[in-house]
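Undergrad: Have a look at the structure that comes next, please.
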Amino acid sequence: MSTPVIVRAQVRELGDDPSFRALLSAASDATSAALETLIAGITGMGLLVVHDAAGKTGALAVYRRLDAFAVEIEYVAVAPALRHQGVATALVQRIQAEESAMVIARTDDDAIGFYAAAGFHISDSPHDSRWPGRDRYLCVLDHLPLLRSPLTDDGEVEWIHGIPEPAPLRIVPASPRWGRDFEVLAGTLRGALGGGALAIEHLGSTSVPGLSAKDVIDVVLTLEDPGAEQDYVPQLEAAGFEFRLREHQWYGHRLFVAAPGSGLPVANIHVFAPGCPETSRMMRFREWLRSHRADRDAYARIKRASAARINERGNGAGRVMDYNRVKEPFITELYARILREPRLESPGPGSTVQSSTA
């Protein structure tokens with residue numbers, strides 16, 4: 001089976017081409033005036049196309065750059081004559097190769113099978129008013145070089161209410177309550193932010209059954225733009241979360257905690273943008289520990305020893321950042337093994353997709 005020939009194109013050059021318009025309409029459900037508006041809106045975005053045997057546009061992928069780390073696929077469509085030939089997979093791989101970035105897509109049940117088979121990890125996402133009644137998903141394809149060479153989190157930290165005082169670091173046995181606590185927190189976040197909460201993931205040690213941990217739930221909240229604090233900080237504070245810190249140089253990270261007296265489970269809420277490499281690193285770490293008992297047990301021993309060491313230094317109390325530094329050599333070595341190979345093999349040439357929308 002021949003490899004599809006993918007070429008870069010410009011929307012303004014193909015805007016009047018009937019085959020291009022038909023594919024774009026199939027991917028977006030837009031027709032007539034809505035299709036004209038859509039074409040005007042994507043002018044200037046990245047466009048890759050594949051031509052069929054007659055020289056017509058037989059497949060397309062429209063995408064845009066989100067930030068320094070990620071690009072987003074807006075539309076993918078493959079004409080019937082080119083389906084089941086791996087064309088859609090080849091388009092996604094070409095986007096990632098050219099942009100050297102994480103690739104994200106927002107889609108529904110029509111295309112979720114393709115993205116899962118193509119190696120994207122999938123998170124539930126809020127319903128979109130443009131497609132009522134459809135379940136939506138945020139899909140992320142990792143770019144391994146970004147995961148293997150992450151930004152360091154030892155840059156400037158902007159504390160919102162001052163640096164927390166040292167406190168006892170306690171590692172406790174895994175609890176079945178942690179999963180329920182996450183559901184409470186996720187429900188509170190969804191209630192506060194509605195469709196703004198693009199994905200909510202339970203990560204960190206409490207997300208790994210059988211792993212001892214601090215009794216604190218780590219949640220990663222994906223928001224469109226963590227820098228647009230006016231769009232979410234008031235809502236989170238009203239829902240019982242306290243804004244703790246900013247780390248502009250570390251993926252724009254924001255941290256919230258469950259405020260004392262809120263009645264919420266003790267938690268850290270980490271805010272990142274879509275396609276953040278750190279979110280993917282944490283997801284891979286979680287998946288690995290869930291399925292590798294020896295590493296899970298070794299990590300539990302490291303955690304207990306690290307907490308004891310920090311508590312001893314501080315006369316029974318310490319700072320989490322110091323505890324994390326003690327664990328760092330073990331975590332660095334484990335990540336090197338986790339990221340040695342791709343998360344999933346690339347799908348075979350039979351994998352394809354009719355259309356996806358975003």
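The values are calculated or read from the model by the stated rules, or taken from the named source; none is laboratory data. These figures come from a predicted structure and were not determined experimentally. Glycine gets a Cβ as well: all are built from the backbone with ideal geometry, and neighbour counts include every protein chain shown. Accessible surface areas use protein heavy atoms only, side chains included; no ligands, DNA or RNA. Shrake-Rupley method; radii C 1.70, N 1.55, O 1.52, S 1.80 Å.
Undergrad: Put a dot 7 Å past each Cα toward the Cβ at Ile160 and Ala81; how far apart are the dots in nm?
TA: If labels sit at Ala81 and Ile160, their model points lie 5.7 nm apart.
Undergrad: Got a number for carbon plus sulfur as a percent of the chain's accessible area, 1.4 Å probe? Numbers along the way, then the final one.
TA: Working: 8490 of 16600 Å².
Here carbon and sulfur together make up 51 percent of the probe-accessible area.
Undergrad: To continue, here is another question. Only Cα pairs under 8 Å and at least 6 apart count here; give the relative contact order of the stretch 240-289 as a rounded whole percent. Each step should come with its number before you reach the end.
TA: Working: 59 pairs, mean separation 14.0, N = 50.
Relative contact order here is 28 percent.
Undergrad: Please list Val271, Val266 in order of solvent-accessible area, largest first, computed with a 1.4 Å probe with all protein chains present. Walk me through the numbers on the way to the answer.
TA: Numbers: Val271 0, Val266 90 Å².
Reading off the accessible areas and sorting them downward yields Val266, Val271.
Undergrad: Based on a Kirkwood Rh over C-alpha pairs, give the Stokes-Einstein translational diffusion coefficient of the chain at 20 °C and viscosity 1.002 mPa s in µm²/s.
TA: On the way: Rh = 22.1 Å.
Taking Rh from Cα pairs, D becomes 97 µm²/s.
Undergrad: So for Lys56, Lys303, what's the accessible-area order with a 1.4 Å probe, most first?
TA: Details: Lys56 120, Lys303 5 Å².
These residues rank, largest area first, as Lys56, Lys303.
Undergrad: What list of ³J(HN,Hα) couplings, whole Hz, do you get for the stretch 61-70 from phi and the Karplus terms 6.51, -1.76, 1.60, once you set θ to phi - 60° and write x for glycine and proline?
TA: Rounded to whole hertz, the list is 9, 10, 8, 9, 7, 8, 7, 5, 10, 9.
Undergrad: In addition: Give me the number: length gained by fully extending Glu242 to Glu312, i.e. 0.36 nm times residue separation minus the C-alpha to C-alpha distance, one decimal in nm. Intermediate values should be presented prior to the final figure.
TA: Numbers: separation 70, 0.36 × 70 = 25.20 nm, distance 2.91 nm.
Residue separation times 0.36 nm, minus the Cα-Cα distance, leaves 22.3 nm.
Undergrad: If we restrict to alpha carbons, what Rg and Dmax does the stretch 288-333 come to, in Å?
TA: 11.6, 36
Undergrad: Determine which lysines satisfy two conditions relative to Lys214: a Cα distance under 18 Å, and not lying fewer than 8 residues away in the same chain.
TA: The reachable lysines, counting only those whose Cα sits under 18 Å from Lys214, are Lys303, Lys327.
Undergrad: Moving on. Determine the per residue accessible area of the chain with all protein chains present and a 1.4 angstrom probe, expressed in square angstrom.
TA: Numbers: 16600 Å² over 358 residues.
About 46 Å² of surface per residue is accessible.
Undergrad: Separate question: I'd like the accessible area for Arg281, computed on protein heavy atoms only with a 1.4 Å probe and all protein chains in place. Round to 10 Å², please.
TA: The accessible area comes out at roughly 30 Å².
Undergrad: Now, a different point. What value, in deg cm²/dmol to 500, does the helix sum -39500 (n - 2.57) over DSSP H runs of n ≥ 4 give at 222 nm once divided by the residues of the chain?
TA: Mean residue ellipticity, 222 nm, calculated: -11500 deg cm²/dmol.
Undergrad: Relative to the compact globular guide of 2.2 N^0.38 Å, what is the alpha carbon radius of gyration of the stretch 170-227, as a ratio? Before the final figure, lay out each step's value.
TA: Working: Rg = 12.6 Å, N = 58, 2.2 N^0.38 = 10.3 Å.
Relative to the rule-of-thumb radius for its length, the stretch 170-227 sits at 1.22.
Undergrad: Take the Cα gyration tensor of the stretch 1-157, multiply each eigenvalue by 5, square-root it, and list the three semi-axes largest first, rounded to whole angstrom. Before the final figure, lay out the partial values.
TA: On the way: eigenvalues 145, 73, 53 Å².
Values for the stretch 1-157, descending: 27, 19, 16 Å.
Undergrad: For Ala305 and His292 in one chain, what is 0.36 nm times their gap in residues minus the Cα-Cα distance, to one decimal in nm?
TA: Length gained, Ala305 through His292: 2.6 nm.
Undergrad: Further question: Sticking with the crude label model, points 7 Å out along Cα→Cβ, report the distance from Arg12 to Lys56 in nm, one decimal please.
TA: For Arg12 paired with Lys56, the spin-label model returns 2.7 nm.
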